[in-house]
Amino acid sequence: MAGKGIFAGLPWWVTWVVVPVVLIVVFGGLITTALGFLISVLFKVLIAAALIAGVIYLVRRSSGSSSSSSSKSDW
């Protein structure tokens, strides 16, 4: 419980305003970089999923109309 002892005699605004602002100022660049990286990876995963789904849709559509005698069990 050493963490509670550090903030015990301080006003509430130091604990809930000043400390988070200082942490954001100090680690703001790191937080921004990490969030930007995560959003970039998520966007690329969504684009890849959409492209793969589009290719699967086009292949099934073109193979279904060109050869209607083939069955789905060929896969």
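The values are calculated or read from the model by the stated rules, or taken from the named source; none is laboratory data. Note that the coordinates shown come from a computational prediction; the quantities given were computed from them, not determined experimentally. Areas reflect the complete protein model, heavy atoms only, side chains present, ligands, DNA and RNA absent. Shrake-Rupley method; radii C 1.70, N 1.55, O 1.52, S 1.80 Å.
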Could you pull the accessible area for LYS44 with a 1.4 Å probe, rounded to 10 Å²? 140
Computed accessible area, LEU23, all protein chains, 1.4 angstrom probe, square angstrom: 90
With DNA, RNA and ligands ignored, accessible area of SER63 (1.4 Å probe; Å², nearest 10): 50
Expected output is a single nm value to one decimal: the length gained when fully extending between LEU38 and SER63, i.e. 0.36 nm times separation in residues minus the C-alpha distance. What is it? 5.3 nm
